[in-house]
Amino acid sequence: MRFDILTLFPNMFASPFQESILGKAITKGLIQVRVINIREFSLEPHRVVDDAPYGGGAGMVMKVEPIARAIEWIKSEDPSAWTIYLTPQGKTLNQEIAQHLSTRPHLVLLCGRYEGVDERVRELFIDEEISIGDYILTGGEFAAMVLVDVISRLLPGVLGSDRSALEDSFSQSLLEYPQYTRPANFRGHFVPEILLSGNHSAISRWRRREALKRTYLRRPDLLGKANLSQEDLILLEEIQKEVGKE
Ligand code: ADE
């Protein structure tokens, strides 16, 4: 899978893609990330990339020509590249959107700055607009990093073989159960006995119950979407009674 990131601040991407899981995915050739400086596509003196808005008002607007030239250059290599503009005005990213985007072999991520891009960029060159949440970032760069991260971990081979993205809490619409590691006793706070029992089916049941409880307490809205068995529904009833008493 290929990501082309169009930005005015390419240095922002230096380290996030060198470390850990993404770093390994790039080394192994599972993903390819190219960071492209939009400024290099400006033909103006001093490589100008922004200008004052028509009609007046504060701030600057990213000009259409350098972005057009950059996207046309990418499309001349690969006409099927899918272009995404990161903006708070886009569809809010969730696991389902990430899953869908992970099936596309080539994404172009345009990072906005200042007051955003000239509207004709959207009309002529953008296939989809994505927001990473209802808050305003200083620009689209962090949003692009989030998008690359969320999508990459869904691709085959990117997570270790012992770890499947299918087991993620959000792909099952439940939050994850609590995790513990050594020591078994930290300042009088003990790891639940059952996790030390070696009884794998009892541990699985406990984990399922804790996942249901956590979801019920923190994100009850997710329960409606979850694939719940008859046993889960019985557990949930128990949890509701238990929580009611607390
Ligand atoms: N640019 C600024 N804020 C953003 C957000 N919340 N999502 C995506 N891009 C953005």
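The values are calculated or read from the model by the stated rules, or taken from the named source; none is laboratory data. Keep in mind it's a predicted model, so treat the numbers as computed, not measured. Glycine also receives a Cβ, built like all others from the backbone with ideal geometry; neighbour counts cover every protein chain displayed. The accessibility values were calculated without ligands, DNA or RNA, using every heavy atom of the protein model including side chains. Shrake-Rupley method; radii C 1.70, N 1.55, O 1.52, S 1.80 Å.
Which pairs turn up if I take residues in the stretch 80-103 that are touching a residue at least 60 places away in the same chain (Cβ under 8 Å) and look for partners that are open to solvent by 70 Å² or more (accessible area, probe 1.4 Å) and away from the ligand (no atom under 12 Å from the Cβ) with beta carbon separation below 6 Å, at least 6 apart in sequence or on another chain?
That search, which allows pairs on different chains as well, returns GLN95/PHE170.
Under the condition of being in contact (Cβ under 8 Å) with a residue 24 or more places away in the chain and open to solvent by 20 Å² or more (accessible area, probe 1.4 Å), which residue from the stretch 2-16 is farthest from VAL148 (Cα to Cα)?
That would be PHE9.
Checking HIS100 against (1) open to solvent by 80 Å² or more (accessible area, probe 1.4 Å); (2) part of a helix (DSSP H, G or I); (3) within 16 Å of the ligand (Cβ to nearest atom), only one condition comes out false. Which one?
So the condition that HIS100 fails would be (3).
Filter the stretch 206-246 for residues that are open to solvent by 70 Å² or more (accessible area, probe 1.4 Å) and of a type in the set (Asp, Glu); which is farthest from GLU176 (Cα to Cα)?
The extreme case among them is GLU246.
Being in a helix (DSSP H, G or I) and either open to solvent by 60 Å² or more (accessible area, probe 1.4 Å) or among the aliphatic types (A, V, I, L, M) (or both) is true for just one of VAL158, VAL108, VAL148. Which residue is that? Walk me through how you get there before you give the answer.
Values: VAL158 fails: in a helix (DSSP H, G or I); VAL108 fails: in a helix (DSSP H, G or I).
Residue meeting the stated conditions: VAL148.
Are any of the residues in the stretch 40-59 surrounded by 11 or more Cβ atoms within 10 Å (Cβ to Cβ), among the aliphatic types (A, V, I, L, M) and assigned to a helix (DSSP H, G or I)?
Within the stretch 40-59, not a single residue is surrounded by 11 or more Cβ atoms within 10 Å (Cβ to Cβ), among the aliphatic types (A, V, I, L, M) and assigned to a helix (DSSP H, G or I).
Which members of the stretch 111-125 meet the condition of being part of a loop (DSSP other than H, G, I, E, B), open to solvent by less than 100 Å² (accessible area, probe 1.4 Å) and within 13 Å of the ligand (Cβ to nearest atom)?
The answer is GLY112, ARG113, GLY116.
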